[in-house]
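Only one structure is covered here, and it is reproduced in the block below.
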Amino acid sequence: MRPTVAATKSPLEQPASLTSAITSGLVWGAITLAAVVSVPKYALADEGGVSFWIPGFFGSLAAAPQQPGWSLATINYYTNVSAGGGVALAREFEIKNLPASIQAQINANLHANADIGMVIPTYVFATPVLGGQASVSMIAGYGASNASLNGTVSGSVTGPLGNTIPFGPRFDSINSSITGFTDLIPQAALRWNAGVDNYMVYATGDIPVGAYNSSRLANLGIGHGAFDAGAGYTYFNPQTGHEFSGVLGFTANFINPATQYQNGVDMHFDWGASQFLTKQVQVGLVGYAYKDIGCDSGSGDRVGCFQSQVLGVGPQFGYIFPIGGMQGYLNLKAYGEFAGSDRPTGWNAWVTLVISPPAAAPPATTRPIITK
């Protein structure tokens, strides 16, 4: 058997080769971060409706083992979201477009979209670590984002003598765009395999070096550091092609030094379910649940606890193919969001191409010599 997908009799008979390509793609957001990559601030949750974690980062076969060596994933991520009310007010406070002491009411809408390309090199170690398979990755991105906020703000502010001074009504029309680099996101993971059961733990975080300005509505960085860790499980039966994966994680956020705002603890659960129809074709569903379980804080917090949440679900399609002695994997997936609060919601789509090592060919066997 040659070490390429096209040469195998069935990918379901060669799970090492199959999961090498798919895991590399879907563990990186099917692929946000995908997994995690720092996408535009308005696209997610917490401060101004923004979180470090990108819901949907993990997907099918997230905990399945990979092939040792280098792999490379490229991702195009597009998101289109809208919000009103509290999220629009939170963004006005964040960009310092309102007095800090105002008691405000707002009737406004926020709309945003982004188109970001990501490059994710990954190295999988051949030597076991704690009985499992270790890997390290780095996510870097470059793209463009656009945001607009339109509506009316009114309220009152406290004067120097403690008196109440009316404010507005004022009509705000803010448009913002940025093209540049995202934050850097390193990640490490350990995976264990036991037949059809696969387990994973991971740790990742945000290095805030991307394009960010606290007075700008659209950004490509989040302006603060973060640490995220969690665990996942994958059921994969190579004989039937049935697969299900789920990954639960939590994010701890550092304070944003530009705004003195600190996000609470975030909880997220990403899942994927799929069926392999042939040796190259995979179809299924993906989804996520996201919840801010800790109140926001800091001297820059003008909106209170501001706990965001959202659910998302959508289809996925995967295709495996040989490419220059390596193995290629193309994945398409999209999410429609619902049940959202304290964050912009809408839809997002991911196009991922992964190039990874093929499975090693099994050793040659010879029939035993029988003598009479």
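The values are calculated or read from the model by the stated rules, or taken from the named source; none is laboratory data. Note that this is a predicted model, so its numbers are computed, not measured. A quick note on method: Cβ atoms are made from the backbone with ideal geometry, for glycine too, and the neighbour counts reach across all protein chains shown. When the accessible area is computed, the model is the full protein with side chains, heavy atoms only, and any ligands, DNA or RNA have been set aside. Shrake-Rupley method; radii C 1.70, N 1.55, O 1.52, S 1.80 Å.
Touching a Leu at 6+ places or on another chain (Cβ under 6 Å), modelled with pLDDT of 95 or more and not charged (D, E, K, R): is that true of Pro128 in this structure?
no
Within the range 186-202, work out how many residues are of a type in the set (S, T, N, Q) and either open to solvent by 70 Å² or more (accessible area, probe 1.4 Å) or over 19 Å from the mean Cα position of the chain (by Cα) (or both).
2
Give the range 164-185 a look and list any residue that's open to solvent by less than 70 Å² (accessible area, probe 1.4 Å), more than 21 Å from Leu89 (Cβ to Cβ) and out of contact with any Ser or Thr (no Cβ under 7 Å at 6 or more places or on another chain), or say none.
Those that are open to solvent by less than 70 Å² (accessible area, probe 1.4 Å), more than 21 Å from Leu89 (Cβ to Cβ) and out of contact with any Ser or Thr (no Cβ under 7 Å at 6 or more places or on another chain): Gly180, Leu184.
Per-residue answers, yes or no, for (1) at pLDDT 90 or above; (2) outside any loop (DSSP other than H, G, I, E, B); (3) buried (at least 23 other Cβ atoms within 10 Å of the Cβ); (4) within 19 Å of the chain's Cα centre (by Cα):
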| residue | (1), (2), (3), (4) |
| --- | --- |
| Phe58 | yes, no, yes, yes |
| Gln66 | yes, no, yes, no |
| Asn76 | yes, yes, no, yes |
| Thr79 | yes, yes, yes, yes |
| Ser82 | no, yes, no, yes |
| Arg91 | no, yes, yes, no |
| Leu98 | no, no, no, no |
| Gln105 | no, yes, no, no |
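Is one or more of the residues making up the range 289-311 surrounded by 19 or more Cβ atoms within 10 Å (Cβ to Cβ) and farther than 26 Å from Ile95 by Cβ?
no
Counting only residues that are in a loop (DSSP other than H, G, I, E, B), within 23 Å of Gly56 (Cα to Cα) and open to solvent by less than 50 Å² (accessible area, probe 1.4 Å), how many does the range 251-279 have?
Selection size over the range 251-279: 2.
So, in the range 112-139, of the ones that are within 22 Å of the chain's Cα centre (by Cα) and surrounded by fewer than 18 Cβ atoms within 10 Å (Cβ to Cβ), which residue ends up nearest to Ala64 (Cα to Cα)?
If we take residues in the range 112-139 being within 22 Å of the chain's Cα centre (by Cα) and surrounded by fewer than 18 Cβ atoms within 10 Å (Cβ to Cβ), then Ala134 is nearest to Ala64 (Cα to Cα).
So that you can scan it fast, the table gives a plain yes or no per residue for (1) among the acidic types (Asp, Glu); (2) crowded, with 19+ Cβ neighbours inside 10 Å; (3) at pLDDT 90 or above; (4) closer than 28 Å to Asp292 by Cα:
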position: Phe321; (1), (2), (3), (4): no, no, yes, no
position: Ala334; (1), (2), (3), (4): no, no, yes, yes
position: Glu337; (1), (2), (3), (4): yes, yes, yes, yes
position: Arg343; (1), (2), (3), (4): no, yes, no, yes
position: Leu353; (1), (2), (3), (4): no, no, yes, no
position: Pro358; (1), (2), (3), (4): no, yes, no, no
position: Pro363; (1), (2), (3), (4): no, no, no, no
position: Thr366; (1), (2), (3), (4): no, no, no, no
position: Ile370; (1), (2), (3), (4): no, no, no, no
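Does the range 166-176 contain at least one residue that is in a loop (DSSP other than H, G, I, E, B) and under 23 Å from Trp347 (Cα atoms)?
no
Looking at Gly284, Gly249, which one is within 15 Å of the chain's Cα centre (by Cα) and at pLDDT 95 or above?
Values: Gly284 fails: within 15 Å of the chain's Cα centre (by Cα).
From the options Gly284, Gly249, the qualifying one is Gly249.
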